[in-house]
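In what follows, a structure is listed as structure tokens, so that the remarks can point back to it.
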């Protein structure tokens, strides 16, 4: 499933053709994706100007002049293409991936006044879209309870320590909990833990100091400070690289993201650890139903 860097890459690819443009035509070519489309889905979009295109966790959010917000999730295999109607081709790039001739999985189309068609393709149909009134976003079940953005100003070592204080779950499980921090997924949690030299098996509560008699605990440890720095670095590096192209991810231009070539541990089982002077070997084990990649020698 695309994670935060991939979704942010898609947002940046759509922004030039969607933001400030009117949706001249909206078309839902089937009654549902993961969930059924709302009966008034097309009517609430058609003729509306997209005043802003943002992201919350792994969701794309298009603000409309009407006061509605179009919420979009890529699911497992969803992707957007930006197509010029006169040529019916997405703009090529250095890592161009040609569009297949079979358009059976092109499920949603937005014809924009910017002169481009934005097409949502989703073979597995785990993606979804929903139109929500902006003043109702706080009560939206899909968004309610999401933690802070890992690249936002409020996400720091102190916040992470407070969120993990007293947690007996593993550190990796805590980071994958969208209530603790929103948008992190398996790939970038593995990478951030390796870069901060912390074991995925470590107890989450060790990110916060323990309270002593008469003294409150919950202050960030050096582990927490190191981890937050690693999360910031790995996410920013991945966004600059256009995300990671594993299985289905493509940028809106058709280009491949290439951060997978910078993985330190993910999908590198049996290879030597890249930490200078470590000499360990990357291992894999199953944790909470997901593959965890780590170096037992330098991640403690």
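The values are calculated or read from the model by the stated rules, or taken from the named source; none is laboratory data. Treat the numbers as computed from the prediction; the structure is a model and nothing was measured. Neighbour counts are summed over all protein chains in view; Cβ atoms, including those assigned to glycine, are modelled from backbone coordinates with ideal geometry.
With the structure loaded, tell me whether residue 37 is within 23 Å of the chain's Cα centre (by Cα) and over 28 Å from residue 239 (Cβ atoms) or whether it fails that test. Here the answer is yes, as residue 37 does meet what is asked.
Out of the residues in the stretch 139-162 meeting the condition of being closer than 15 Å to residue 192 by Cα and surrounded by fewer than 18 Cβ atoms within 10 Å (Cβ to Cβ), tell me which one is modelled with the lowest pLDDT. Within the stretch 139-162, the match that is modelled with the lowest pLDDT is 151.
Remark: residue 282 falls outside the filter, which requires a residue to be under 19 Å from the mean Cα position of the chain (by Cα), modelled with pLDDT of 95 or more and more than 30 Å from residue 119 (Cα to Cα). Scanning the stretch 236-247 for residues that are surrounded by fewer than 23 Cβ atoms within 10 Å (Cβ to Cβ) and modelled with pLDDT of 75 or more yields 236, 237, 239, 240, 241.
Among the residues here, residue 51 qualifies as in a strand (DSSP E or B) and either out of contact with any strand residue (DSSP E or B) (no Cβ under 7 Å at 6 or more places or on another chain) or surrounded by fewer than 16 Cβ atoms within 10 Å (Cβ to Cβ) (or both). Out of the residues in the stretch 9-30 that are in a helix (DSSP H, G or I) and under 23 Å from residue 125 (Cβ atoms), which is modelled with the highest pLDDT? Among them, the one singled out is 18. Only residues that are out of contact with any strand residue (DSSP E or B) (no Cβ under 8 Å at 6 or more places or on another chain), without any contact (Cβ under 8 Å) to a residue 12 or more places away in the chain and more than 14 Å from residue 191 (Cβ to Cβ) were counted across the stretch 269-300, and they come to 3. Note on the stretch 54-66: residues that are surrounded by fewer than 19 Cβ atoms within 10 Å (Cβ to Cβ), in contact with a helix residue (DSSP H, G or I) (Cβ under 9 Å, 6 or more places away or on another chain) and outside any strand (DSSP E or B) amount to 1. For residue 4, state whether it is modelled with pLDDT under 95, under 21 Å from the mean Cα position of the chain (by Cα) and crowded, with 20+ Cβ neighbours inside 10 Å. For residue 4, the condition - modelled with pLDDT under 95, under 21 Å from the mean Cα position of the chain (by Cα) and crowded, with 20+ Cβ neighbours inside 10 Å - is met.
From the list 183, 166, the one residue that fits, being in a loop (DSSP other than H, G, I, E, B) and surrounded by fewer than 18 Cβ atoms within 10 Å (Cβ to Cβ), is 166.
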